[in-house]
Amino acid sequence: MVHYVSQAPDELSKNMEVISQIEPVVNHAIEHILVDPRECWQPTDFLPDMSSENALEEVAALRKRSEGIPPEIISCLVGNMITEEALPSYQTFFNLLRGINEERDLVSDRAWVRWSRTWTAEENRHGDLLNKYLYLTGKADMREVEITIHNLIANGFDGKTDQDPYQAMIYTSFQERATKISHVNTGKLADGFGDNVLSRICKTIAGDEARHERAYKSFMSRIFEIDPDGAVMAFQKMMQKQITMPALLMDDAKSDNLFVRFSAITQKMGIYTTFDYANIIQHLTELWKVDKLTGLKDYAAKAQDYLCTLADRYRRIAERMKVPETVPCTWIK
Ligand SMILES: [Fe+2]
Ligand SMILES: [Fe+2]
């Protein structure tokens, strides 16, 4: 039996059809939003030049700069980095979406397949840079970090999108914005503790996430134009299932609630909070003008009502939430 879960087969075929219709928007994004590898930043631009005579001095300067960063922020940085390092799962996820790569050809010239490759190539720099930087600071327990990355990739990734390309575009629009927010906030904190290079690193990565966010939102905007009923339904489905952070499956039997602790610490440090979650919902509902959609079918009009009050409901939850006073740090020696 085909594994479509809650997606009716005719709805899924319609979504696949629409997804292939929006290839021109995807081509446009590849050309105008993604960057040339020779012209964009690369991880070494921010790292000591290990081929230079002064390599060890540069490393010493890096360690000096990062000295004042407290363990809570290192834990958050590690969590951000681990999330980026599970990129193999995200590319697999993307190519398994229905209508994206039906020919199962990773070197295809089709817009969606080219997008998935080029997006992955850009993302690959994020984990690479954060991993090398953290390693050089000497402030994290890198073997434990590596075990977590190992587990996370081995456990896989479930975006709960039912292989539906519409739901996946909602997920990615949301998630790119969420990662942008966490990198920006981590960068601000690093700056406050005296590491201006680390701050620049976080903000540069956030700049990439912002471009990716723009692209995914433009894909979803086009879906809203072509099929507002389907788009609003997908938005509601994803919000009901909730957007979980991609690094959810980082634990193994021996680790002690790593993901729960990582979420708690990002909440406590104000790096990514329930208020941010509410604000992202509000941003997306406004961007896609969900409240202005007219002529919707009954079921879609119900989804519209649900979505229009959702951000406020999350905001009320956020106001009532108690931020834990102490959260044990993870991945610190
Ligand atoms: Fe990233
Ligand atoms: Fe991203």
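Return the residue satisfying two criteria in turn: it lies in the stretch 93-127 and is touching a residue at least 24 places away in the same chain (Cβ under 8 Å) and within 20 Å of Ala154 (Cβ to Cβ), and of such residues it is nearest to ligand 2 (Cβ to nearest atom). Looking at the filtered set, the residue picked out is Glu123.
In the condition set (1) part of a helix (DSSP H, G or I); (2) at positive phi, Asn80 is compliant with all but (2). Of the residues screened, Pro37 is not one that is surrounded by 16 or more Cβ atoms within 10 Å (Cβ to Cβ), part of a loop (DSSP other than H, G, I, E, B) and not hydrophobic (A, V, I, L, M, F, W, C).
Among all residues of the stretch 73-81, there is at least one that is within 16 Å of ligand 2 (Cβ to nearest atom), over 18 Å from Lys217 (Cα atoms), crowded, with 17+ Cβ neighbours inside 10 Å and among the small types (Gly, Ala, Ser).
Give Leu296, Leu307, Leu284 a once-over and let me know the one that is assigned to a loop (DSSP other than H, G, I, E, B), at pLDDT 95 or above and not polar (S, T, N, Q).
Criteria check complete, one pass: Leu296.
Within the stretch 313-332, residues that are closer than 30 Å to Gln282 by Cα reach partners that are in a loop (DSSP other than H, G, I, E, B) with beta carbons closer than 7 Å, at six or more positions or on different chains, in the pairs Ala318/Thr273.
All conditions in (1) more than 16 Å from the chain's Cα centre (by Cα); (2) crowded, with 21+ Cβ neighbours inside 10 Å hold for Glu84, with the sole exception of (1). Of the residues contained in the stretch 237-249, none is found to be closer than 25 Å to Ala154 by Cβ and over 17 Å from the mean Cα position of the chain (by Cα).
Only residues that are at negative phi and away from ligand 1 (no atom under 12 Å from the Cβ) were counted in the stretch 103-132, giving 17. Annotation note: of Thr179, Thr172, Thr148, Thr137, the sole residue that is of a type in the set (Ser, Thr, Tyr) and touching a Phe, Trp or Tyr at 6+ places or on another chain (Cβ under 6 Å) is Thr172.
Here is a yes/no grid of residues against (1) within 18 Å of Thr161 (Cα to Cα); (2) assigned to a loop (DSSP other than H, G, I, E, B):
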| position | (1), (2) |
| --- | --- |
| Glu209 | no, no |
| Gln236 | yes, no |
| Gln240 | yes, no |
| Asp252 | no, yes |
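If you check Ser221, Ser255 for being more than 16 Å from ligand 2 (Cβ to nearest atom), under 30 Å from Leu62 (Cβ atoms) and surrounded by fewer than 19 Cβ atoms within 10 Å (Cβ to Cβ), only one passes: Ser255.
Look at Gly192 and say whether it is surrounded by fewer than 24 Cβ atoms within 10 Å (Cβ to Cβ) and either within 16 Å of ligand 1 (Cβ to nearest atom) or in contact (Cβ under 8 Å) with a residue 40 or more places away in the chain (or both). In short, no.
Entry remark, the stretch 148-158: residues being within 16 Å of ligand 2 (Cβ to nearest atom) and surrounded by fewer than 24 Cβ atoms within 10 Å (Cβ to Cβ) number 1 in total. Evaluated against (1) within 16 Å of ligand 1 (Cβ to nearest atom); (2) closer than 26 Å to Leu97 by Cα; (3) of a type outside the set (A, V, I, L, M, F, W, C), Gln240 falls short on exactly one condition, (1).
When residues in the stretch 154-166 are screened for being over 20 Å from Thr120 (Cβ atoms) and assigned to a helix (DSSP H, G or I), 1 of them pass.
Here is a check on your reading of the model: is Tyr166 away from ligand 1 (no atom under 16 Å from the Cβ) and touching a Gly at 6+ places or on another chain (Cβ under 8 Å)? So Tyr166 fits the description; yes.
Going through (1) part of a loop (DSSP other than H, G, I, E, B); (2) surrounded by 20 or more Cβ atoms within 10 Å (Cβ to Cβ); (3) not small (Gly, Ala, Ser) one by one, Arg104 falls short only on (2).
The values are calculated or read from the model by the stated rules, or taken from the named source; none is laboratory data. Not measured: the values here are computed from a predicted model. Note that each Cβ is placed from the backbone with ideal geometry, even for glycine, and that neighbours are counted across all protein chains shown.
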